[in-house]
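Here the structure is laid out as structure tokens; the discussion comes afterwards.
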Amino acid sequence: MSSLFSHEDRNEDDTLSHIEGQTLEEHLHRLQCIRDELLFHFRSMDIEDWRTSRSLPHYDVTPEWVIYHILEHESHHRGQIFQMLAILKRQS
């Protein structure tokens, strides 16, 4: 999986890294690979494992919370996309 991420996720000033020079297809391929990996692991979990906390360097999380958090992010970004499309539509 690390081959899909040639950049650190954050810059030295703690802002998100911006990746340039890749096509939309390359970005979509990376997303699909990550989703496939996530599904591979999560499909084998029972409810107890799903709700068992894992310790990360800065906090503890459950797989259940991870999925909730991803859904929350994706819905937020979807709203941003639709907002941008509405602005572009009004400008044309």
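Counting every other Cβ atom within 10 Å of each residue's Cβ, 29, 73 order from fewest to most as 73, 29.
The value of relative contact order for the chain, using C-alpha pairs under 8 Å at least six residues apart, is 12 percent. Scaled to the globular estimate 2.2 N^0.38 Å, the Cα spread of the chain, given as radius of gyration, is 1.37.
Sequence-ordered 3J(HN,Hα) estimates for region 51-60 from the Karplus curve with 6.51, -1.76 and 1.60 and θ = phi - 60° stand at 9, 7, 6, 10, 8, 10, x, 10, 6, 9 Hz, glycine and proline given as x.
Along its three principal directions, the equivalent ellipsoid of region 52-92 from the Cα gyration tensor extends over semi-axes of 35, 9, 4 Å, largest first.
Close amide H partners of residue 62, meaning residues 5 or more places away or on another chain with modelled amide H under 5 Å apart, are 54.
Residues 59, 68, arranged from fewest to most other Cβ atoms within 10 angstrom of their Cβ, appear as 59, 68. For region 69-82, backbone phi angles converted through the Karplus equation (6.51, -1.76, 1.60; θ = phi - 60°) give residue-by-residue couplings of 5, 4, 4, 4, 4, 5, 5, 5, 5, 4, x, 4, 4, 5 Hz, Gly and Pro being listed as x. Computed over neighbours whose Cβ is under 13 Å from that of residue 32, the net charge equals -2, Lys and Arg +1, Asp and Glu -1.
Converting phi to 3J(HN,Hα) with the Karplus coefficients 6.51, -1.76 and 1.60 and the offset θ = phi - 60°, region 85-92 yields 5, 5, 5, 4, 5, 5, 6, 8 Hz in sequence order, with x at every glycine or proline. The calculated FRET efficiency for the pair residue 92 and residue 19, based on their C-beta separation and a Förster distance of 22 Å, comes to about 0.20. With the convex hull drawn around the C-alpha atoms of region 1-44, the volume per residue stands at 88 Å³.
Read-outs: derived from the displayed coordinates by stated rules, not from any lab. Remember, predicted model here, so these are calculated numbers, not experimental data. Ideal geometry is used to build each Cβ from the backbone, glycine not excepted, and the neighbour counts take in all protein chains shown.
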